[in-house]
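Read the structure below first, then the notes.
The values are calculated or read from the model by the stated rules, or taken from the named source; none is laboratory data. All of these numbers come straight from a predicted model, not from anything done at the bench. Cβ atoms come from the backbone with ideal geometry, glycine included; neighbour counts cover every protein chain shown.
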Amino acid sequence: MISSLPMLPPFLPLLIGSIAALVLRGHLRSAIMLLAPIWGALQLAGLEPGIYWAMDFMGYQLEPVRVDKLSMMFGYLFHLAAFIAVVYALHVKDTLQHVAGLSYAASALGAVFAGDLLTLFVFWEILALTSVFLIWARRTDRAYGAGMRYIIMKVLSGVLLLAGAIIFIKYTGSARFTEIGLEHDGALSLGAWLIFLAFGIKCAFPFLHNWLTDAYPEATPTGTIFLASFTTKVAVYALARGFPGTELLVWIGVTMACFPIFYAVIENDLRRVLAYSLINQVGFMVVGIGIGTSLALNGAVAHAFNDVIFKGLLMMTMGAVLHMTGRINGSELGGLYKSMPKTTILCIIGAASISAFPLFSGFVSKSMIMSAAVAQGYDVVWLLLLFAAAGVFHHAGIKIPYFAFFAHDAGIRTTEPPKNMLLAMAIAAGLCIAIGTFPAQTVYALLPWEATYQPYDITHVLTQLQLLFFSALAFVWLNMKNLYPPELPSTNLDADWLYRKLAPSFIVPIYCAIVDAKDKVAKLVHQMLSKAINRSYDREKDQPKGYFAQLWPTETMVAWVAVLLTGILLLYYI
């Protein structure tokens, strides 16, 4: 149903805020940046389900704004995330970060409200372009290199999406972005797989995930909060819209949930630990989308909602540590609870939430996905998710607060971060507790699919408490026995070993051989040309010599010109 036009497209208030951040300064800029997400959320609340601004383009109908329960849920989430991130970044005077952050949030909104594949592609690319500046804004060589690798992967994702969209539009006759699936034949199958792969890159599928663990830790402390909130969640939304019930996603999601645990445990950079943890949490969402039941899909989008808040909270606490100490490696931190007690408490709340403690937000969404897996007979998947849940408690629930604020005393004495950073963390912490305590009145009220679920029953609570208790016991025992992987200043490689180590071992010699051969050929050609020139010139008489150096009558030259023109005309007509 095509509805009457609202005042503004959902993404426009944040875009206006980014323009204001570009031209204004001081308190006025801060006020407008804070008002932009509030304004956008209030306008969103007044939208009715339907299609807005529909138009014809080259014979196809475009639907730039489609409002339904799924897009509305992510719309509210992104406005909330943008508001918290803006509050957290108020102390920053860098115009580039403010403009890029709000433009990035606006493009994420444009993507989740896009009703057709072409509009989705436009915002998909803007999402990549705006986000990379949050990495480069740190202005270091490492950030520049990570940003370049990041944008290459994002451009690849956009190219695949465009190619798949063109094929799909050509063979279906419609540009509408609705359920796509992978069960097609011929060219349609190719188009569907290209779109699936494009979504998978931004969702950080296994072997396509290194842009995340490479780039996010190199961004600025405030930029990382924006980055952790939007890109992967837009991809989760796209998968939920385009590929619900695709069983392949169940196994991809399980892999995503499990493999980051091993790297997060040995990682020294605590923001990179959280980057691996982000992949782990997205894995739970992908499993829910793959199962495809109403309960599983609700669990996936609810967990996406909660993850933005509790992962954002953990990223904010680590950003505060980096901002105040200039350090982020676990081997260099410890004992900060003495000088940053408020940040410590807020970090523990985030850790409890991501670990799915009862009465915290992670519990009320993660258990939905695991219950859906059991209900659909995915017993092995349930066991693997149980292992992944224990693992995330180890690396994010315990390791992050322990090595940053407790462990050995590194002798660092500082103060709490600026008040705006504490306020943003407090808002996120309050939401973690409110959602975990009153899920039916908060996140459950926004769920798109009809499904009843009660997280607080004896089975769910006891199972989770036993899991957390034995995981904590294992951590304590391993630590006491000095078996827990120590925090070492090192660089850990996973799938990026393929292009950082393996590929150079045979690509570099091949490249050098090609360059050497090219130089030899160029030298040979140069020598041959020099000999030909020397033979055609008489240096003693200082004049050209040979057959073509003779004087030719004018009529002969005219005849040759006529022959050449005739040949050209014949070739043209042939």
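Before moving on, here are some points about what is shown:
- Check on Gly200, outside the structural domain of Leu249 (by TED's automatic domain parsing), crowded, with 17+ Cβ neighbours inside 10 Å and of a type in the set (Gly, Ala, Ser): yes
- Residues located in the range 76-95, provided they are touching a Leu at 6+ places or on another chain (Cβ under 7 Å) and either outside any helix (DSSP H, G or I) or among the aliphatic types (A, V, I, L, M) (or both): Ala82, Val86, Val87
- Some residue of the range 146-160 being of a type in the set (Phe, Trp, Tyr), under 18 Å from Thr224 (Cβ atoms), surrounded by 23 or more Cβ atoms within 10 Å (Cβ to Cβ) and within 13 Å of the chain's Cα centre (by Cα): yes
- Any hit, the range 203-221, residues being polar (S, T, N, Q), under 26 Å from Thr491 (Cβ atoms) and surrounded by 24 or more Cβ atoms within 10 Å (Cβ to Cβ): yes
- Qualifying residue in the range 105-113 (condition: without any contact (Cβ under 8 Å) to a residue 60 or more places away in the chain and in the same structural domain as Lys170 (by TED's automatic domain parsing)): no
- Gly292 at negative phi and of a type outside the set (Val, Ile, Thr): no
- Just one of the listed residues (Thr255, Thr246, Thr172) is of a type in the set (Ser, Thr, Tyr), in contact with a Pro (Cβ under 6 Å, 6 or more places away or on another chain) and over 30 Å from Gln97 (Cα atoms), namely Thr255.
One line per residue, one yes/no per condition, for (1) touching a Ser or Thr at 6+ places or on another chain (Cβ under 6 Å); (2) outside the structural domain of Leu274 (by TED's automatic domain parsing); (3) under 24 Å from Cys203 (Cα atoms):
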site	(1), (2), (3)
Leu297	no, no, yes
Leu313	no, no, yes
Tyr337	yes, no, no
Ile345	no, no, no
Ala356	no, no, yes
Ser367	no, no, yes
Ala372	yes, no, yes
Leu383	no, no, yes
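- Pro455, sole failed condition from (1) surrounded by fewer than 19 Cβ atoms within 10 Å (Cβ to Cβ); (2) outside any helix (DSSP H, G or I); (3) modelled with pLDDT under 95: (1)
- Flag for Phe403 being in the same structural domain as Arg272 (by TED's automatic domain parsing), assigned to a helix (DSSP H, G or I) and in contact with a helix residue (DSSP H, G or I) (Cβ under 7 Å, 6 or more places away or on another chain): yes
- Checked against (1) over 17 Å from Leu227 (Cα atoms); (2) in contact (Cβ under 8 Å) with a residue 12 or more places away in the chain; (3) buried (at least 16 other Cβ atoms within 10 Å of the Cβ); (4) of a type outside the set (Val, Ile, Thr), Arg138 meets all criteria but (1).
- Filtered residue count, the range 310-335, keeping only those that are over 22 Å from Ile135 (Cβ atoms) and at pLDDT 95 or above: 1
- Within the range 221-249, the set of residues being of a type in the set (Gly, Ala, Ser) and in contact with a Phe, Trp or Tyr (Cβ under 8 Å, 6 or more places away or on another chain) comprises Ala228, Ser229, Ala235, Ala238, Gly242.
- Helices (runs of 4 or more DSSP H) enclosed by the range 326-392 - at least 3 residues per element that are under 30 Å from Pro418 (Cα atoms) and over 23 Å from the mean Cα position of the chain (by Cα): 341-354
- For the range 371-378, the criterion of being within 18 Å of Leu274 (Cα to Cα), surrounded by fewer than 24 Cβ atoms within 10 Å (Cβ to Cβ) and not charged (D, E, K, R) is satisfied by no residue at all.
- When the criteria are applied in full, Leu117 meets the requirement of being more than 21 Å from Asn420 (Cβ to Cβ) and modelled with pLDDT of 95 or more.
- Check on Ala388, among the small types (Gly, Ala, Ser) and within 29 Å of Ala81 (Cα to Cα): yes
- First in the range 486-506 and within 16 Å of Tyr276 (Cβ to Cβ) and among the basic types (Lys, Arg), second anywhere and in a loop (DSSP other than H, G, I, E, B) and at pLDDT below 75, Cβ under 7 Å, 6 or more apart: none
- Subset of the range 400-436 [without any contact (Cβ under 8 Å) to a residue 12 or more places away in the chain and within 26 Å of the chain's Cα centre (by Cα)]: Gly430
- If the condition is being of a type outside the set (Ser, Thr, Tyr), surrounded by 15 or more Cβ atoms within 10 Å (Cβ to Cβ) and touching a helix residue (DSSP H, G or I) at 6+ places or on another chain (Cβ under 6 Å), then the range 469-485 contributes only Phe475.
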